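So the structure is just underneath, and the comments pick up after that.
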Amino acid sequence: MFRLVSFNLNGVRSAANKGLLPWAEAHAADCMGVQELKAQAADMGPELREIAGMPGHFHHAEKKGYSGVGLYSRTAPSDVIIGLGEAEHAVDGCGEFDAEGRYVEMRFDKPGRKLSLISCYFPSGSSSEERQEAKFRFLDVIRPHLAKLRAEREFILVGDVNIAHQEADLKNWKGNLKNSGFLPEERAWMTQLLDPAGDTGLVDVYRTLHPDTTDACYTWWSNRGQARAKNVGWRIDYHLATPGLAATAKAASVFKDQWFSDHAPLTIDYDFSL
């Protein structure tokens, strides 16, 4: 089995102080995609550059204490792509988001197989109209990139997408119909991304394994209004996979026995090997 984790850390140093490292050792993942590092390269000591025997590769934001993503892997990749602008399918407009540290891709290619694992952090639009417009621009950039990637390789993108797709994916869906993360345009974008007949045709792996789960599916809770205690949550962390890899998924879990962040780690076990 191949164990893959997606986890928005809300600060890698903060999460480490709350017990991330021993949890990762015990959890025994083969690869872990993390988002919101909130750290520069100089802030990453050796205990953060390699976690639980998994060396990491990172895309840091230019702005201090902001964004940033990483991928930790027990298996050494054949190639690493840091940022959308470094990919061979660089899309117009990606420079804005590469400055924010939102994309890292590890490739595990060998004869007869092209396979990538990606950690990606989609922008949040909740703080202002300007950030919502930036989020829409990111969606316009990332989808054609993933479509081109899909045409030539298998991949799993893990990350905080900052979109709850369906009503079952958040507690208070009626009250959030006009709020960032559950806007009709965002949900329609997700529907298009997951359309089997579309040019991306990706699979929401958790939903394939748990099509009817509601309260247990949430991966993020606001720090306000006792949201976690009341389980007023959102499912905004995903594994998005090409169909061939998605078909190998065997089990999914959201770890909520201990808290390292305002998100919970999402783990899926797949029946393939790197």
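The values are calculated or read from the model by the stated rules, or taken from the named source; none is laboratory data. Treat the numbers as computed from the prediction; the structure is a model and nothing was measured. Reconstructed Cβ throughout: ideal geometry from the backbone, glycine too, with neighbour counts over all protein chains shown. Surface accessibility is based on the protein's heavy atoms, side chains included, excluding ligands, DNA and RNA. Shrake-Rupley method; radii C 1.70, N 1.55, O 1.52, S 1.80 Å.
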- Query: For labels at D215 and A41 in the simple 7 Å Cα→Cβ model, what's the distance in nm?
  - Reply: 4.7
- Return the Rg/Rh value of the chain, two decimal places, where both radii are evaluated on C-alpha atoms and Rh is the Kirkwood radius. 0.92
- Anisotropy class of segment 115-274 from Cα gyration tensor, a/c 1.5 cut: oblate
- Task: First obtain the Kirkwood hydrodynamic radius of segment 1-106 from its Cα pairs, then insert it into the Stokes-Einstein equation at 20 °C and 1.002 mPa s, and state the resulting D in µm² per second as a whole number.
- Result: 153
- Between E167 and D257, the two model label points (7 Å from Cα along the beta-carbon direction) sit apart by a distance in nm of 3.5
- Expressed as a whole percentage, what fraction of the accessible surface of segment 1-134 belongs to carbon and sulfur atoms when a 1.4 Å probe is rolled over the protein heavy atoms? 49
- Query: So how much slack lies between R131 and Q192, counting 0.36 nm per residue of separation and subtracting their Cα-Cα distance, in nm?
  - Reply: 19.8 nm
- Expressed as a whole percentage, what fraction of the accessible surface of segment 139-274 belongs to carbon and sulfur atoms when a 1.4 Å probe is rolled over the protein heavy atoms? 49
- Which percent of Cα-Cα pairs in segment 56-168 sits in each 5 Å bin, short to long? 2, 11, 21, 25, 19, 12, 6, 2, 1, 0
- Task: Give me the Debye-computed log₁₀ of I(q)/I(0) at q = 0.14, 0.16, 0.26 Å⁻¹ for segment 188-274, equal point scatterers on Cα only, no solvent, two decimals.
- Result: -0.56, -0.70, -1.28
- Counting DSSP beta bridges with both partners in segment 77-229, what percentage is antiparallel, nearest 5? 60
- Just subtract the alpha-carbon distance of A147 and A26 from 0.36 nm times their residue separation and send over the number in nm, one decimal. 40.0 nm
- Query: What nm distance separates the two modelled labels at T75 and S273, each placed 7 Å from Cα along Cα→Cβ?
  - Reply: 0.9
- Karplus ³J(HN,Hα) for segment 253-264 (6.51 cos²θ - 1.76 cosθ + 1.60, θ = phi - 60°; Hz, whole; x = Gly/Pro) runs 8, 10, 8, 10, 7, 8, 10, 10, 6, 7, 9, 10
- For segment 173-274, what is the accessible area per residue in Å² when the probe is 1.4 Å? 46
- The answer for the net charge of residues other than K63 whose Cβ lies under 14 angstrom from its Cβ, with Lys and Arg +1 and Asp and Glu -1, is -2
- List the lysines whose Cα lies under 19 Å from the Cα of K63, skipping any in the same chain that are fewer than 8 positions away. K38, K135
- Task: Treating cross-link reach as a plain straight distance, find the aspartates and glutamates whose alpha-carbon is under 12 Å from the alpha-carbon of K171, omitting any fewer than eight places away in the same chain.
- Result: D215
